[in-house]
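Derivation of every value follows stated rules applied to the coordinates shown; laboratory data play no part. Values in this document were obtained by computation on a predicted structure and should not be read as measured data. Neighbour counts run over all protein chains shown; Cβ positions are idealised from the backbone, glycine included.
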Amino acid sequence: MTEYQGSINGERNAETGGNHSQGRNAWLTALLGLFASPRQSFEIIRNRNPWLATLLLVLAGNAALALASAPLGLQAMRAQLTDRMPGSPEQVNAMMAQFEQAAAAGRWLAMATGPLSVAVGLAIQTVLVWLLAIALQGRLRFVQSLALMIHLAVITHLQSWANFLLVHLRGTDAIRSQLDLRAPMGLDLLLAGDNATLNAVYASINPFTIWFLALLALGAAAVFEVPQRKAWLLAAIYWAATTAFTAVAAGLFARLTPS
């Protein structure tokens, strides 16, 4: 009897230990599940709401990307100054020396403010998706929306790294302005023109965005428990809202930036 009871207690302890281990690694399972098994990933997000570890991973990756991209920004600035002052290389060098000193002094500040802007953007996206899910009568808590959007932010982060690699593959000598720091990956490859607002809309239709929106729709159905049709509607409204904001910002930037 004692041996039998001890066996039962041992099995319970092993099961409890396994559950704790699974709980500690839930964020990693959910993260990898986005690539291998999205349904399992969304099940974990709905039940366990892991978000902190994935958020820290995204922020660390963003800081590393900002550090790696800093020389490209300085190169774009040098090219713009050279085009504006073609006969004054000494003046360009003097101005660039000041810019480089300021960039070196503010490097750590830039690495801090970059992740902060990502965190603020994620918070806004989370609230938007949360309100859309409520409007579509989904069953959710705010932390579920937070966990879902932070995990999907990994796709957006991968797109940023892909852009970084494409800029290098294209050749850094081609960087003549800040606009050259973005490599075309979507419809802007075929339809890009002189209208910055339309170019932003074209750029929003690319493999990473389609991947993101498909997972958002599947995640909304699984995590928020809304019908599939409403889940795709949520993803479509999200795309329209974020693309409109990006397009307007791109248009204003183009008007304020001298050619």
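What separates the Cα centres of the stretch 157-190 and the stretch 75-98 is a distance of 23 Å.
Give me GLU225, GLU90 ranked fewest to most by other Cβ atoms within 10 Å of their Cβ, as a rough exposure proxy.
Working: GLU225 15, GLU90 8.
Arranged by neighbour count, lowest to highest, GLU225, GLU90 become GLU90, GLU225.
The Cα-based radius of gyration of the stretch 49-256, divided by its Kirkwood radius, gives an Rg/Rh of 1.03.
Other residues within the sphere of radius under 15 Å centred on the Cβ of ILE45, judged by their own Cβ, net out at +3 (K and R +1, D and E -1).
Taken about its Cα centre, the stretch 49-256 carries a charge dipole of roughly 500 debye when the Cβ of each Lys and Arg holds +1 and the Cβ of each Asp and Glu holds -1.
Using the Cβ-Cβ distance between GLU43 and ILE210 with R0 set to 22 Å, the FRET efficiency works out to roughly 0.45.
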